[in-house]
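Take a look at the structure below.
The values are calculated or read from the model by the stated rules, or taken from the named source; none is laboratory data. These numbers come from a predicted model, not from an experiment. Cβ sites come from the backbone with ideal geometry, for glycine too, and all protein chains shown count toward neighbours. Calculation scope for accessible area: heavy atoms of the full protein, side chains included, ligands and nucleic acids excluded. Shrake-Rupley method; radii C 1.70, N 1.55, O 1.52, S 1.80 Å.
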Amino acid sequence: MFFSGIKQIKSKEELTGYIGDPSPLVKAKPIDHLDSHCRTFLAHSPFAVLSTSDENGRCDASPRGDHPGFVYILDEHHLIIPERPGNKRMDTLKNLLENNRIGLLFLIPGFGETLRINGKGVVIKDEEILAPLSVRGKAPSLGIGVEVEECFIHCAKAMKRSGIWDQERWPDTGAMPTAARMLSDHAALKGQDENALTKRLEKGYREKLY
């Protein structure tokens, strides 16, 4: 392993010795339910990152985005995230069938703090439950149900360091290759050049969001 010859932290005790203990506020802030503040945050959030792992611990982080408030809150301990049309890899769903642990990170554009939710996830196919998540007359065929175990607000330091909401600090992407070029080089499939993939992506974004 590449890192085997590099000095590493080997225990939680050693890590705490390097970093120190969290403040009383940090220790006290996690709650075990969706209170009014969590609900308000979710009502304004159009984007989330879902973290899961399979039975062997292989991890995946997958984005989800929709209109603000796209998460359906059933009660203070349960929410549902719609599974919109995608690339059919289904990494998150497959992982949940092997390991039901899930971590969620919700963002609000222009807002520094984020909301973290941890718990257990299931893959839902119940049409009645999923019907309220319809958009443009189309209900999702599946959803991710989450049993909430822990919620807390994460501070804005990462957002401030990155300048993610400050347009003046955004990097110039003009010299970057297009997403279609990256896909073409990575996949190296015959007949799937940059132009063909650009058209394919544009068609998907135009016709298959819901």
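Worth pointing out:
- Those residues of region 1-55 which are among the basic types (Lys, Arg) and more than 30 Å from residue 81 (Cβ to Cβ), in sequence order: 7, 10, 12
- Region 104-122, residues that are open to solvent by 50 Å² or more (accessible area, probe 1.4 Å) and either touching a helix residue (DSSP H, G or I) at 6+ places or on another chain (Cβ under 6 Å) or under 21 Å from residue 92 (Cβ atoms) (or both): 105, 116, 120, 122
- Screening residue 180 against (1) at pLDDT below 95; (2) open to solvent by 30 Å² or more (accessible area, probe 1.4 Å); (3) among the aliphatic types (A, V, I, L, M) leaves a single unmet condition, (2).
- Whichever residue in region 183-210 is of a type in the set (A, V, I, L, M, F, W, C) and assigned to a helix (DSSP H, G or I) and, among such residues, is least open to solvent (accessible area, probe 1.4 Å): 197
- Candidates 79, 93, 107 - the one that is closer than 25 Å to residue 210 by Cβ and either of a type in the set (S, T, N, Q) or under 12 Å from the mean Cα position of the chain (by Cα) (or both): 107
- For residue 66, the conditions (1) open to solvent by less than 40 Å² (accessible area, probe 1.4 Å); (2) without any contact (Cβ under 8 Å) to a residue 60 or more places away in the chain; (3) out of contact with any helix residue (DSSP H, G or I) (no Cβ under 6 Å at 6 or more places or on another chain) all hold with the exception of (2).
- Matching residues in region 157-177 - criterion: being surrounded by 10 or more Cβ atoms within 10 Å (Cβ to Cβ) and not hydrophobic (A, V, I, L, M, F, W, C): 157, 160, 162, 163, 166, 177
- Test: residue in region 11-23 that is open to solvent by 50 Å² or more (accessible area, probe 1.4 Å) and among the aromatic types (Phe, Trp, Tyr): yes
- Selected residue (only one of 50, 15, 93 is of a type in the set (A, V, I, L, M) and either within 16 Å of residue 149 (Cα to Cα) or in contact (Cβ under 8 Å) with a residue 60 or more places away in the chain (or both)): 50
- Count of region 32-54 residues which are open to solvent by 80 Å² or more (accessible area, probe 1.4 Å), touching an Asp or Glu at 6+ places or on another chain (Cβ under 7 Å) and more than 15 Å from residue 120 (Cβ to Cβ): 0
- Of all residues in region 165-182, those satisfying the criterion of being part of a helix (DSSP H, G or I) and more than 30 Å from residue 136 (Cα to Cα) are 167, 168, 169, 181, 182.
- The set of residues in region 140-164 being within 30 Å of residue 32 (Cβ to Cβ) and part of a loop (DSSP other than H, G, I, E, B) consists of 140, 155, 156, 164.
- Among helices (runs of 4 or more DSSP H) entirely within region 32-135, having at least 3 residues that are over 30 Å from residue 156 (Cβ atoms) singles out 91-98, 127-130.
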